[in-house]
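Following: one structure in structure tokens, then a few remarks.
The values are calculated or read from the model by the stated rules, or taken from the named source; none is laboratory data. From a predicted model like this one, the values you see are computed outputs, not experimental measurements. Note that we place each Cβ from the backbone using ideal geometry, even for glycine, and neighbour counts take in every protein chain shown.
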Amino acid sequence: MENCNKIIPPHLNAEAYRTCIPEINTRSYFDYIHINAEGTSLIGCSELTGRNWNGAVSVCSKWSDKKSRMPPKKDIDLTSGSADGCFIDSSYKVLLGEDSGALSIWSTAVNAWDNWIEEMSVAEHDGAVLALDCLVPGQEYVTVGEDGNMKVWDISDLICVRNYVGAHSRAIYDVSVRPQSDANLATGSLDYYASLWDHNIAKPVLDLAKNDCGIRCLQWLDENRLFFGDEAGALSMIDVRTPKHVTKLTEFPAPVHKICCQSGSDRVSVCCDNNVLSVYEFDEDCKLKMIYENSRLHNNNIRGMAWDVEDKNVLHTVGWDSEIRVHNIGSADPRVC
């Protein structure tokens, strides 16, 4: 085989790379789904387009069995991924956390559903915004981030009114506001701690638990009991009336990614860093009874879950396979959206 002695000027390669047009097709990695009282769904994702990572959010009207299996249309395009977001007051205004550290408010007119505009945006986290929750509906919200900081926001002007610098020594993966409270909240971090906060106090009220590994997610079942999942795949529970006493409930073969408790019941759904959805009922003896499990509908990691607002036996899931699935809890035939 003859050697090629042709010399290609290096600047031509650089020029070709600079002027490269990214692929038209975009792959969406769905990261979360929230459903408000009106039945409207908010779906956030990260997007890989060519060599660029962007993000997008879709706002979908109430689900029906006749919906197309095609991924939803993107209503809001972002310059970075979105790990969490929520509705503000109605289906026409949303609050989004972004991987760039920004927090933004978007809105649309009632008669112009597809025309979303950015009202305000600030970037005060030094890392990705990993989770957010509502303290006072329509007024105060809390965010946590990869920078280990927690911030309380007045969203009327999108001003940070309380800044907890170094709330944890490592990334804070989740935050959950205590039911029936507009001041107490819990955080879980990769620094192994789950902490209880009063947003009027600069330091944690108490450390609920020091785990053996990083805490990835947490969710209140009621005003006293808190579930949390960790990197080792353990699902545990804390009762704030007996802090630092942790009850290990079950173990999974992968890190626990998200917990979703059904309002007004003892049902809890769990997804890990795999494609398996598990749903349990929690009894007064602090034991879990599995009532549903499915590993067939998603072919990549499940990232988000949301209970239906009308049918208490329906659970919606999204994942990195760009699919939106509907599960009939207790039914052998889950539906596909």
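Mind checking which pairs have a first residue in segment 280-309 that is farther than 15 Å from SER265 by Cα and touching a residue at least 60 places away in the same chain (Cβ under 8 Å) and a second that is part of a loop (DSSP other than H, G, I, E, B) and not polar (S, T, N, Q), Cβ under 9 Å, 6 or more apart or different chains? The qualifying pairs are ARG303/TRP320. Taking the stated definitions as given, is GLY166 in contact with a Gly (Cβ under 7 Å, 6 or more places away or on another chain) and either on the phi > 0 side of the Ramachandran plot or among the basic types (Lys, Arg) (or both)? Judged against the criteria, GLY166 is a match. Taking only segment 195-238 into account, find how many residues are over 17 Å from ALA171 (Cα atoms), of a type in the set (Gly, Ala, Ser) and within 20 Å of the chain's Cα centre (by Cα). Here the count works out to 3. Could you please find all residues in segment 225-278 being aliphatic (A, V, I, L, M), surrounded by fewer than 18 Cβ atoms within 10 Å (Cβ to Cβ) and in contact with a Cys (Cβ under 8 Å, 6 or more places away or on another chain)? Result: ALA232, ALA254.
The strands (runs of 3 or more DSSP E) found entirely in segment 236-337 that carry 1 or more residues being farther than 18 Å from LEU218 by Cα and among the basic types (Lys, Arg) are 288-294, 324-328.
If you scan segment 76-107, which residues turn out to be among the hydrophobic types (A, V, I, L, M, F, W, C) and either under 13 Å from SER121 (Cα atoms) or in a strand (DSSP E or B) (or both)? Residues satisfying the conditions are ILE76, LEU78, CYS86, PHE87, ILE88, VAL94, LEU95, LEU96, ALA102, LEU103, ILE105, TRP106.
Take the residues in segment 39-70 that are assigned to a loop (DSSP other than H, G, I, E, B) and modelled with pLDDT of 90 or more, then tell me which one is surrounded by the most Cβ atoms within 10 Å (Cβ to Cβ). Filtering segment 39-70 for residues that are assigned to a loop (DSSP other than H, G, I, E, B) and modelled with pLDDT of 90 or more, the one surrounded by the most Cβ atoms within 10 Å (Cβ to Cβ) comes out as THR40.
Would a scan of segment 191-206 turn up a residue that is at pLDDT 95 or above, surrounded by fewer than 21 Cβ atoms within 10 Å (Cβ to Cβ) and among the aromatic types (Phe, Trp, Tyr)? There is at least one residue in segment 191-206 that is at pLDDT 95 or above, surrounded by fewer than 21 Cβ atoms within 10 Å (Cβ to Cβ) and among the aromatic types (Phe, Trp, Tyr). With VAL246, VAL276 as the choices, which residue is β-branched (Val, Ile, Thr) and either under 22 Å from CYS134 (Cα atoms) or touching a Pro at 6+ places or on another chain (Cβ under 9 Å) (or both)? The match here is VAL276.
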